[in-house]
1. Being of a type in the set (Gly, Ala, Ser) and within 28 Å of residue 4 (Cβ to Cβ) is true for just one of 44, 51, 60. Which residue is that?
2. Are any residues in region 65-89 in a loop (DSSP other than H, G, I, E, B) and either hydroxyl-bearing (Ser, Thr, Tyr) or closer than 24 Å to residue 5 by Cα (or both), and if so, which ones?
3. In region 60-89, what count of residues is obtained for those that are among the β-branched types (Val, Ile, Thr) and surrounded by fewer than 19 Cβ atoms within 10 Å (Cβ to Cβ)?
4. Looking at region 1-49 only, could you name the residues that are farther than 14 Å from residue 74 by Cα, surrounded by 15 or more Cβ atoms within 10 Å (Cβ to Cβ) and either of a type outside the set (A, V, I, L, M, F, W, C) or free of Cβ contacts under 8 Å to residues at least 12 places away in the same chain (or both)?
Amino acid sequence: ESDRHAIQRRLRDARLPRVKTLEEFDFGQTPQIPAAKVRDLAEGGYIARAGPVLFLGGCGTGKTHLMTGLCVAACRQKRRVRFTKKKAT
C-alpha cells in the first residue's frame, strides 16, 4: 500500500501531461519505433548512466506517449523524474 502511494506521489511530482504507460502504446501502428529498444529503455539503465533520451518526429508519432511511459516506468522503479517538453520555436 505504501509503495502504491509513493508511486502516485512520484507521478504527481513528475508533472506529466497525462499518465500513459508503455503497455498502452500500440507499436503496431508505428513500426519504425523498435519496441525492444523502448522496453530496454524502460529498464532504466540510461538513468544510471545519465544518458539522454530524445524522441524526434512529426505530430502524432507517439513521442509524448513514449516519454510519459518511460517516466511512469521510472516512477515504478522508485525514481524521481520530471517531464519537460521543449516547444518548437
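All of the numbers you see were taken from the coordinates with simple rules; none came from a lab. Note that the structure is predicted; figures quoted are calculated from it, not measured. Counting neighbours? That spans all protein chains shown, and the Cβs are built from the backbone with ideal geometry, glycine included.
1. On the way: 51 fails: within 28 Å of residue 4 (Cβ to Cβ); 60 fails: within 28 Å of residue 4 (Cβ to Cβ).
Going through 44, 51, 60 in turn, the sole match is 44.
2. Initial filter on region 65-89 (in a loop (DSSP other than H, G, I, E, B)): 77-89.
Of everything in region 65-89, those that are in a loop (DSSP other than H, G, I, E, B) and either hydroxyl-bearing (Ser, Thr, Tyr) or closer than 24 Å to residue 5 by Cα (or both) turn out to be 77, 78, 79, 80, 81, 82, 83, 84, 89.
3. Taking region 60-89 first, the residues among the β-branched types (Val, Ile, Thr) are 61, 64, 68, 72, 81, 84, 89.
Still in the running and surrounded by fewer than 19 Cβ atoms within 10 Å (Cβ to Cβ): 61, 64, 84, 89.
Looking only at that region, the number is 4.
4. Scanning region 1-49 gives 27, 30.
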